[in-house]
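What follows is a short report on a single structure.
Every read-out reported here was derived from the displayed coordinates using simple, explicitly stated rules and does not represent laboratory data. All values reported here derive from a predicted model rather than from experimental measurement. Here the Cβ positions follow ideal geometry from the backbone for every residue, glycine too, while neighbour counts run over all protein chains shown.
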Amino acid sequence: MNQLSPGDFVAPDLNEVEGAIRAATDAILAQQQPDGHWVYELEADATIPAEYVLLVHYLAETPKLELEKKIGVYLRRIQGAHGGWPLYHEGGFDISATVKAYFALKMIGDDIDAPHMARAREAIHQRGGAIKANVFTRILLALYGECSWKDVPTVPPELILLPRWFPIHLSKMSYWARTVIVPLLVLCAKQPLAKNPRCIHIPELFVAGVPAASPRAPHQSAGWSAFFAALDRLLKRVPWPKSMRARAIEKCRQWTTERLNGEDGLGAIYPAMANSVMMYDLLGYAPTHPDRVLARLSVEKLLVVREDEAYCQPCVSPVWDTALVAHALMETRDDAAQAAVARGLDWLRPLQVLDVAGDWAGEKPGVRPGGWAFQYRNDHYPDLDDTAVVVMAFDRAGVAHDDVAIARGREWVEGLQSRGGGWGAFDADNSYFYLNNIPFADHGALLDPPTEDVSGRCVGMLAQLGGGGQPLADGIAYLRKTQRGDGSWWGRWGVNYIYGTWSALAGLNGAGLGPHDDTMKKGADWLVAIQNPDGGWGENCDSYRLDYKGHEPAPSTASQTAWALMGLMAAGQVDHPAVARGVNYLKATQEADGLWSQAHYAGGGFPRVFYLNYHGYPKFFPLWALARYRNLKAGNSRRVEFGL
């Protein structure tokens, strides 16, 4: 471990820690919604607000000029020093985000000769022009007539008619890919043109003679890529029978409508929602048609509008936020906090999905529903991560194990365990890795295989409830197997190895692995070794790169420091000097309102493609870590009693 002598740190004053806990608790209690839940902003990059602007003009809706103005302010503010737009705070240039942001700003009315537009245009030219953007961006450009459909991989709508056993099938893709792709199949087949009443185009972003981006993305193998590229060329020449094409489009429409999900939208994620709106428009649905109205409303509900600026969220996270806040507040042992938790759990209870066998049932038809979704409603797509965290919260609150919230939640989690012992986020055994080589999958995020962070949460849930049996044993084995040589674990849904390592250590501690277990020791050693000189921890989104060689120092953040602290405490290291230094870092960086802030992104969407800034993370995770530290230092045991 990091060799820190007693002189290298000052032991935190528990009275001061108590004061920090009190201030943070009061602040978070004040943020509870009237109906009992918590929800914080969920911010991505420039692409979603830019796409929102372009969607309005694609549909020829009357734009809200004040809203457009505020989105413009937001887009200009997050432009990078490199002239383009990054995927996360202080990230590198991303050509796809930059093309969309430039297009949206021009649509809003920015002069293309304005300095910020000229810098963006030059940066795009230096990288070959807009045609080098990713597949989804080129589809948007084709919809606006900016590039040819020949520059877009072919995905025929007949895909939806294929039998389940076929190697390329929607069921073999992740939930987010399914919901985005199905309405997009209709758009790509019919190839409509945006109405675009302002007649705004971006020919200046293209470089003459430059071909489209390579059909082979960095993550794709040469053999598979060549095969699928040849298949794409063949599909572009196939004269599909009109009757089959009509049947496929109708099946896409039915599929989408069945999963429309009310005003929470298809898949409860922006890209799928927006595609469903455009699909309905293309199929002749009037703006007043109930399905189109719901789809369009779902998009509008993602907007965050402030006094001076606005942006569109990729989705919302109320179930996730409420469940995590509940854990943090229960850790405080404060009477008012416990009352607030009870209200939060009352809000969560009716959101359990008990009567909808979603897409996950195709792989696990014998399993009864019982999970929770991430958003307000997403009944076809509950997820294992939310479900495990919610079930553990109910258990911590003293709810009986035969209560439907716990019993059915546990049953669903156990039922969706994958064959290798781990858990994916939304499906079981969604590990058809060859599909990441199709041209359409240049983002490399087509699948939902088991991951270490979700598996750590599920292991923790089973262990906390007791009697985990073979599913728990298999989960432990999966986590032992996936630990990296340096002691860390990968984090799929949080950045990155700090998140994954906390998740795994928390679950394994719940399962009874003690501080002297080699797996636990290695994980703790890694966390101590990467601590920053200021006492905090930080990790950059670049850690997801394909040629990752090991941790590289990054600025400390409140949320990642809290994860590292909770990981070390789960590994039995509450008395280690590194923990004391981390606690002191959180005390020193607590702000006047009792909470913490951070600009750096700590949420994973799609590694290397899409990242998330959970505005709640630097608020409730530090509180959780400080309260746990106080409890362990003041108690008779140094062992964390819970699976999270």
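Things worth noting here:
- Of the residues Tyr497, Gly538, Ile406, the one whose Cα sits farthest toward the positive end of the charge dipole of the chain, with +1 on the Cβ of Lys and Arg and -1 on the Cβ of Asp and Glu, is Tyr497.
- Phi-based couplings in Hz for the stretch 327-334 (Karplus 6.51, -1.76, 1.60; Gly and Pro marked x): 4, 4, 6, 5, 5, 6, 6, 8
- When only the Cβ of Lys, Arg, Asp and Glu is charged (+1, +1, -1, -1), the dipole of the stretch 338-384 relative to its Cα centre reaches about 180 debye.
- With Cα atoms defining each centre, the stretch 91-131 and the stretch 154-211 are spaced 23 Å apart in the structure.
- Fully extending the segment from Glu300 to Leu354 would add 16.6 nm, taking 0.36 nm per residue of separation and subtracting the current Cα-Cα distance.
- Hz values of 3J(HN,Hα) by residue in the stretch 197-204 - Karplus curve (6.51, -1.76, 1.60), Gly and Pro given as x: x, 7, 6, 8, 9, 10, x, 5
- Residues whose amide H comes within less than 5 Å of that of Thr451, counting only those at least five positions distant or on another chain, are Trp423, Gly424 (H built at 1.01 Å from N in the peptide plane).
- Protection proxy ranking, highest mean first, for peptides 409-418, 146-155: 409-418, 146-155, where packing is the per-residue count of other beta-carbon atoms within 10 Å, averaged.
- For the stretch 361-445, relative contact order (Cα pairs under 8 Å, six or more residues apart, normalised by length) works out to 29 percent.
- Taking amide H as placed 1.01 Å from N in the peptide plane, the amide H of Gly494 sits under 5 Å from that of Gly604, each at least 5 places away or on another chain.
- In straight-distance terms, cross-link reach from Lys301 covers every one of the lysines whose alpha-carbon lies under 18 Å from its own, apart from those fewer than eight places away in the same chain; here that gives Lys64, Lys70.
- Computed label-point distance, nm, for sites Glu16 and Ala286 using a 7 Å Cα→Cβ extension: 6.8
- Relative contact order, whole percent, for the stretch 39-143 stands at 27, derived from Cα pairs under 8 Å and 6 or more residues apart.
- nm² value of the averaged projected area, convex hull over the Cα atoms of the stretch 1-127: 14.6
- Calculated FRET efficiency for the pair Thr257/Ala407, C-beta based, R₀ 45 Å, to 0.05: 0.85
- Listed by chain and number, the lysines placed with their C-alpha closer than 24 angstrom to that of Lys150 are Lys100, Lys132, Lys190, Lys195, Lys236, Lys242; residues fewer than eight positions away on the same chain are left out.
- Zero-based 20 Å bins, Cα pair distances in the chain, whole percents: 19, 53, 26, 2
- The simple spin-label model puts a point 7 Å past each Cα toward its Cβ; for Leu67 and Phe227 those points are separated by 4.6 nm.
- Taking the C-alpha atoms only, the angle from helix 65-77 to the longest principal axis of the chain is near 60 degrees.
- Building the convex hull from the alpha-carbon atoms of the stretch 248-331 and averaging its projection over directions returns 7.5 nm².
- Amide H to amide H distances under 5 Å link Phe610 with Gly605, where only residues 5 or more positions off or on other chains count and H is placed in the peptide plane.
- Scoring 58-68, 597-607, 485-495 by mean Cβ neighbours within 10 Å over their residues and listing the highest first yields 485-495, 597-607, 58-68.
- Evaluating 6.51 cos²θ - 1.76 cosθ + 1.60 at θ = phi - 60° for every residue in the stretch 556-572, the Karplus couplings come out as 5, 10, 5, 5, 5, 5, 5, 4, 4, 4, 5, x, 5, 5, 5, 8, x Hz, glycine and proline recorded as x.
- Contact order relative to length of the chain, as percent, for alpha carbon pairs under 8 angstrom and 6 or more apart: 17
- Cross-link partners of Lys364 among lysines (Cα-Cα below 22 Å; sequence separation of 8 or more within a chain): Lys172
- Protection-proxy order for peptides 459-468, 324-333, 428-437, each taking the mean of Cβ atoms within 10 Å per residue, highest first: 324-333, 459-468, 428-437
- Summing Cβ point charges (Lys, Arg +1; Asp, Glu -1) relative to the Cα centre of the chain gives a dipole of roughly 1960 debye.
- The stretch 334-449, dipole about Cα centre (Lys/Arg Cβ +1, Asp/Glu Cβ -1), debye to the nearest 20: 120
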